[in-house]
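Visitor: Structure below; questions to follow.
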There are 2 protein chains.
Amino acid sequence: MRNAEVSCQAMNLKQLSENLGLSQTTVSRALNGYPEVSESTRKRVELAAQQGNYRPNMRAMSLATGKAMTIGHIIPVATQSDVVNPVFAEFVAGASQTYSQFGYELMLRFAESKDEESTYRSIVAKHAVDGVIVHSPMREDSRLALLKEIGLPFVVHGRVCDTNEEYNWIDMNNRSAFKQATQLLIDLGHKNIALVNGQESLSFAWLRRLGFLDALHENGLTHNPSLMASDELTETHGYQTATKMLASDHAPSAFLVSSYVVALGVRHAISQAGLAIGKDISVIIHDDALSYFDNSGAVPQFTSTRSSVREAGILAAEMLLKQIDEPELYPQTKLLKSHLIMGSSTGPYRAQLSTLV
Amino acid sequence: MRNAEVSCQAMNLKQLSENLGLSQTTVSRALNGYPEVSESTRKRVELAAQQGNYRPNMRAMSLATGKAMTIGHIIPVATQSDVVNPVFAEFVAGASQTYSQFGYELMLRFAESKDEESTYRSIVAKHAVDGVIVHSPMREDSRLALLKEIGLPFVVHGRVCDTNEEYNWIDMNNRSAFKQATQLLIDLGHKNIALVNGQESLSFAWLRRLGFLDALHENGLTHNPSLMASDELTETHGYQTATKMLASDHAPSAFLVSSYVVALGVRHAISQAGLAIGKDISVIIHDDALSYFDNSGAVPQFTSTRSSVREAGILAAEMLLKQIDEPELYPQTKLLKSHLIMGSSTGPYRAQLSTLV
DNA sequence: GTGAAAGCGCTAACAA
DNA sequence: TTGTTAGCGCTTTCAC
């Protein structure tokens with residue numbers, strides 16, 4: 001009683017078919033590309049649909065087909081007051097692009113870790129999504145088993161290090177990036193390098209640490225545990241950690257920092273200690289969101305990897321949609337660019353992505 | 001043919017009602033809190049539903065009720081390679097919290113400006129959402145008229161400055177914040193203050209500029225147009241702008257910068273010019289996402305407004321859901337905290353929010 | 001090549 | 001207080 005003639009609000013299949021003097025069946029078939037429709041009627045139908053600005057009611061379609069035409073992104077938050085990592089925004093922007101292209105929608109949820117299991121169970125029981133992207137994987141992550149049990153298709157943004165499960169993932173090459181960055185500092189003559197890292201129960205931070213250690217060991221340097229800190233990516237973490245390290249006996253001459261937010265704190269501590277970045281001390285920031293290697297400290301400018309997170313989102317979404325349509329296809333591990341990897345444990349994968357390798 | 005006995009996958013109303021020996025109607029009514037159901041059966045039903053882990057199929061429910069139970073967030077992107085403003089992530093996290101509380105889902109889309117109109121029309125025609133949050137309003141914004149025409153409920157995150165339309169909005173108090181920050185720099189003795197701002201066709205940047213000018217004028221200072229720059233919030237903008245300003249005859253002794261990303265560039269330019277922040281030059285960064293007033297430059301620490309963006313998201317979502325349920329209710333303009341305002345042009349509003357004022 | 005009719009899982013008149 | 005029935009707008013057998 002509220003739509004109707006006010007304006008040509010939301011025409012539906014019934015109206016459209018009546019206008020055309022055809023059955024709903026035929027119109028539906030014409031629009032969905034079924035072969036048995038004659039070319040002439042198909043043309044007529046398509047034209048009328050376009051002119052009438054017809055869009056199938058997504059809810060009705062979902063009910064009839066059983067497909068939600070929606071992908072869920074569940075972002076874990078440690079606490080309700082936690083600042084959201086900008087990496088998610090960038091990744092989700094990329095994924096969204098792919099979904100639009102294939103007629104899917106993107107559903108977003110933020111869940112505290114303790115609610116995560118019930119969140120997954122709930123959205124699948126409600127028929128809200130056809131698949132999900134798993135964010136912030138941990139070195140060992142129970143979500144893999146959970147999602148397999150539920151039977152919900154998924155792709156991991158990142159990797160789970162300690163597992164025998166087979167699964168699809170896409171990731172930045174964190175280990176290699178941190179190895180490179182560390183090597184750069186070593187080449188500049190630094191021997192006391194501090195790593196200010198994210199929580200190492202999360203894979204990304206763990207892999208970064210491994211890369212850091214790789215470089216030290218390859219250069220015959222020993223690592224100093226008091227120069228490696230790991231915590232949530234906050235300004236406070238950066239400030240407190242750097243302050244403590246700078247006051248210690250083995251004060252570092254260089255910092256390698258995970259995320260610009262942390263770096264804000266580190267910088268603050270450095271200037272408070274009366275030191276000047278680029279003169280007394282070097283800092284490299286690695287942040288996928290900006291994808292920004294800070295070259296303060298006379299460090300040569302890195303190739304910008306800007307937007308690689310977005311690209312990862314695009315690819316993850318493609319991988320997931322493909323998996324939903326053709327569950328038997330799995331990608332092999334492959335290097336997409338020096339900083340982007342995707343893969344899974346089994347099977348062949350007909351990827352057009354190979355051009356990117 | 002694919003669910004059934006494998007595991008107790010997704011029980012539906014029919015099964016549940018058969019198990020209970022009741023009609024679907026009664027079960028539905030019991031679960032939806034209709035008063036005519038006897039307390040004893042309601043208890044029985046609720047127990048069985050819980051044990052059977054029953055969740056109504058959202059798509060079927062939507063089709064039957066005509067409510068999508070979903071709110072859309074459409075994030076405008078200038079170009080596909082643009083970095084997403086972290087403010088969105090924080091705001092959306094807040095809104096999401098409210099939606100979960102009321103059984104709504106959050107649908108996310110990124111749209112280039114040229115596609116925005118068709119995006120809105122499309123999601124409403126598909127019955128994908130019950131309402132939307134409008135992000136990044138411009139000083140003059142055609143979306144207001146569009147959404148009214150379509151009849152889609154909405155709340156604006158920010159304000160449209162040049163309009164006579166009535167609409168609901170929630171916003172940071174950008175003008176006041178920038179006035180305060182500028183005053184602080186003036187109090188420190190600065191007379192040549194540079195404003196490195198976002199695009200002033202966007203309301204937030206325009207209002208910040210007004211606040212900046214407010215402070216200058218109140219202190220009898222004249223503004224220098226060559227010390228006010230306005231562009232996309234990128235590192236490049238900050239770097240180029242600051243470089244140029246520092247090289248000019250009227251080089252600033254202080255910078256007021258919109259967003260930390262821009263500030264990365266500004267900092268770079270400053271250190272390249274051989275100047276030291278906190279000694280030769282002062283910098284204040286205002287960024288709602290971190291909500292961080294940088295105190296480099298010996299500027300006293302501001303009260304942290306961290307998470308106010310998230311809070312804005314929570315409130316915007318509450319306002320929208322209320323509007324969807326009771327369209328006749330509109331909030332009056334009100335100050336929630338010194339930095340958070342919400343409002344609309346008409347009517348009474350029974351807000352429990354008053355405690356926050 | 002096209003149409004009639006049943007059904008997806010739920011809600012909501014209308015009866016009883 | 002409970003049940004019967006008719007949709008919501010689409011897809012999909014099955015006949016023609």
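The values are calculated or read from the model by the stated rules, or taken from the named source; none is laboratory data. Predicted, not measured: the structure shown is a model, and the values here were computed from it. Note that we place each Cβ from the backbone using ideal geometry, even for glycine, and neighbour counts take in every protein chain shown.
Per-residue answers, yes or no, for (1) touching a residue at least 40 places away in the same chain (Cβ under 8 Å); (2) among the hydroxyl-bearing types (Ser, Thr, Tyr):
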| site | (1), (2) |
| --- | --- |
| A:Pro76 | yes, no |
| A:Val84 | no, no |
| A:Val87 | yes, no |
| A:Thr98 | yes, yes |
| A:Tyr104 | yes, yes |
| A:Phe110 | no, no |
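Visitor: Do we have B:Ser96 as assigned to a helix (DSSP H, G or I), within 11 Å of chain A (Cβ to nearest Cβ) and out of contact with any strand residue (DSSP E or B) (no Cβ under 8 Å at 6 or more places or on another chain) here?
Guide: So B:Ser96 does not fit the description; no.
Visitor: Output the number of residues of segment A:220-233 satisfying the condition of being within 14 Å of another protein chain (Cβ to nearest Cβ) and surrounded by fewer than 19 Cβ atoms within 10 Å (Cβ to Cβ).
Guide: The number of residues fulfilling the criteria is 1.
Visitor: Say whether the condition of being part of a strand (DSSP E or B), out of contact with any Leu (no Cβ under 6 Å at 6 or more places or on another chain) and surrounded by fewer than 18 Cβ atoms within 10 Å (Cβ to Cβ) is met by at least one residue in segment B:112-128.
Guide: yes
Visitor: Consider segment B:49-93. How many of its residues are within 10 Å of DNA strand C (Cβ to nearest atom), more than 9 Å from every other protein chain (Cβ to nearest Cβ) and polar (S, T, N, Q)?
Guide: Final tally of qualifying residues: 1.
Visitor: Residues in segment A:113-130: is at least one under 25 Å from A:Asp288 (Cβ atoms) and within 14 Å of the chain's Cα centre (by Cα)?
Guide: Within segment A:113-130, not a single residue is under 25 Å from A:Asp288 (Cβ atoms) and within 14 Å of the chain's Cα centre (by Cα).
Visitor: Looking only at segment A:136-161, filter to residues that are acidic (Asp, Glu) and farther than 22 Å from A:Thr70 by Cβ; which one of those is surrounded by the fewest Cβ atoms within 10 Å (Cβ to Cβ)?
Guide: Per the criteria, the residue is A:Glu140.
Visitor: Give the number of residues within segment A:5-62 that are modelled with pLDDT under 90, within 10 Å of DNA strand D (Cβ to nearest atom) and among the small types (Gly, Ala, Ser).
Guide: Within segment A:5-62, residues that are modelled with pLDDT under 90, within 10 Å of DNA strand D (Cβ to nearest atom) and among the small types (Gly, Ala, Ser) number 1.
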